[in-house]
Amino acid sequence: MLNLDLLRREPDRVRVAARRRGIGTEFVDRILELDRQRRAAITAVEALKAEKNALTAQIGRAADKRAAAAELRPQLAVLDERIAASGERLPVLERQIDAELAEIPNVLDGSVPDGSDEHANVLVRAWGEPPAFDFAPRPHWELGERLGILDFERAAKLSGARFTVLRGAGARLSRALAAFFLDRAARNGYVEIAPPVLVTRTTMWSTGQLTKFADAMYAIEGDGLDDALYLIPTAEVPLTSLHRDEILAGDELPLRYTAHTPCFRKEAGAAGKDTRGLIRQHQFEKVELVWLTTPERSFDDLETLVRNACGLYEELGIAHRVMLLCAGDTGFNSAKTYDVEAWLPGANTYREISSCSNCTDFQARRSSIRLRRDASAKPEFVHTLNGSGGAIGRTLAAILENYQRADGGLTIPEVLRPFAGFTSIEPDGSTR
């Protein structure tokens, strides 16, 4: 949630950030006017209470208190009515302000480049060389079906489009990737969490998934709206919310969490895009990395988070690059985002395989996650970061396309072999 104090102090900065994202700025004046009315209502209540206190004191000083009370009772009654009327207006204004603030995206960091879409994203660095094949590389879905490890037809029979059944070595390889990712997260100091994958509306709202992305979420309705449970779109949601409504000690930070979960998204805005293969699914698995950290170090921690994600693909030997997202391509919650994109030979292009963001205090403000640096310090909001470490389906696609052989078989990256228990998948689907 946007900081109201920031909007009061620097409305032009908020306007500029909104324009860079390609959205209107009318909300700034609208919120400031609501805030002016709220402050006026507070001032009016305080003035009326002071007037009432003065009359009460006058009664207390009177020689005949009973007579004074009788004389001033009508005035006191009028004041009580006016105080009640002004007081009733306050929560209405506060709800209006909160509703407006909840729909405004995070303020972009100054290092985020201008631009309206992915074509304006900036290359930060690249690692590795795309493999050279002496044959035409197949896309992962074709290779996976030939090997008998990906079954899209039966998945569609079970659940419809954008689902996949993993068979045999494919299921084992997926499980191996999860174990590899979690092992590397532990080495990097992340605490593994096994969270629920069904969360409340409050949990979804507190991390900025609602109401902005409601169309992309799967909800299981309860007796009322507040009783609904949502399938998580990413473990970012429960991991970030672990410390909702808590004040953390400054020396506890940074806290680093990881979780391997299924994730669920309707992909409502992706009609006709990536309809084949593992890139854009309604259900997929991911190992998520989440940080709760201090404001002064959060952008340095973002660089560490990106290095953690890239290190996975260096070990796997998959060529990749890091892109700094432009203003128009940066997500609602984020102040700054890097995408890690892996080379997919079958598509002859780089595709996003991890996205790492600094959400500054945006989610923490919604979640009321604060830190207290010492016993006498005033609580302040933490900064939250999140990234994929990594996306299992997309990584499986990258392995299939980068490690395919001319005979139709697949070589398993060496670092993954202890987790998978085999070194290759042969053209007939058997393993060695």
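The values are calculated or read from the model by the stated rules, or taken from the named source; none is laboratory data. Model, not experiment: these values are computed from the prediction. With ideal geometry, Cβ positions are generated from the backbone for all residues, glycine too; neighbour counts draw on all protein chains shown. The accessibility values were calculated without ligands, DNA or RNA, using every heavy atom of the protein model including side chains. Shrake-Rupley method; radii C 1.70, N 1.55, O 1.52, S 1.80 Å.
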Residue check for D329: closer than 18 Å to V122 by Cβ, among the acidic types (D, E) and open to solvent by 10 Å² or more (accessible area, probe 1.4 Å): yes
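Grab the helices (runs of 4 or more DSSP H) fully contained in segment 150-263, keeping just those with 2 or more residues being at pLDDT 95 or above and open to solvent by less than 10 Å² (accessible area, probe 1.4 Å). Steps first, answer last, please.
Working: elements: 152-159, 169-187, 201-206, 236-241.
Filter on segment 150-263 gives 169-187, 236-241.
Anything in segment 349-380 that is within 29 Å of A391 (Cα to Cα) and assigned to a strand (DSSP E or B)? List them, or say none.
Within segment 349-380, T349, Y350, R351, E352, I353, S354, S355, C356, S357, N358, I369 meet the criteria.
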- prompt: Just checking, which of I412, I392, I425, I369 is under 22 Å from E129 (Cβ atoms) and in contact with a Leu (Cβ under 8 Å, 6 or more places away or on another chain)?
  reply: I412
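I'm checking my understanding of the structure. Among residues of segment 79-121 that are of a type in the set (G, A, S) and outside any helix (DSSP H, G or I), which one is surrounded by the most Cβ atoms within 10 Å (Cβ to Cβ)? Show your work before the answer.
Initially, segment 79-121 is screened for residues of a type in the set (G, A, S), giving 84-87, 99, 102, 110-111, 115-116, 120.
Restricting the remaining residues to those that are outside any helix (DSSP H, G or I) gives 110-111, 115-116.
Values: G110: 9, S111: 10, G115: 18, S116: 13.
The extreme case among them is G115.
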field: Subset of segment 397-409 that is of a type outside the set (V, I, T) and surrounded by fewer than 24 Cβ atoms within 10 Å (Cβ to Cβ) - its residue that is nearest to the chain's Cα centre (by Cα)
entry: Y403
query: For segment 10-57, how many residues meet the condition of being closer than 30 Å to D109 by Cα, assigned to a helix (DSSP H, G or I) and of a type outside the set (K, R)?
result: 15
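From A70, A120, grab the single residue that is among the aliphatic types (A, V, I, L, M) and more than 30 Å from H320 (Cα to Cα).
On the way: A120 fails: more than 30 Å from H320 (Cα to Cα).
Every option except A70 fails the conditions.
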task: Could you check how many residues of segment 219-260 are closer than 25 Å to E103 by Cα, free of Cβ contacts under 8 Å to residues at least 60 places away in the same chain and not small (G, A, S)?
output: 13
message: Condition first: more than 15 Å from the chain's Cα centre (by Cα) and either surrounded by fewer than 21 Cβ atoms within 10 Å (Cβ to Cβ) or farther than 26 Å from I104 by Cβ (or both). Now tell me which residues in segment 354-380 satisfy that.
response: S368, R370, R372, R373, D374, A375, S376, A377, K378, P379, E380
query: Can you tell which of A364, A347 is modelled with pLDDT of 95 or more and of a type in the set (A, V, I, L, M, F, W, C)?
result: A364
query: Is segment 73-88 home to any residue that is out of contact with any Cys (no Cβ under 9 Å at 6 or more places or on another chain), hydroxyl-bearing (S, T, Y), more than 30 Å from K336 (Cα to Cα) and in contact (Cβ under 8 Å) with a residue 40 or more places away in the chain?
result: yes
field: Which numbered condition F419 fails, given (1) open to solvent by 50 Å² or more (accessible area, probe 1.4 Å); (2) assigned to a loop (DSSP other than H, G, I, E, B); (3) not β-branched (V, I, T)
entry: (2)
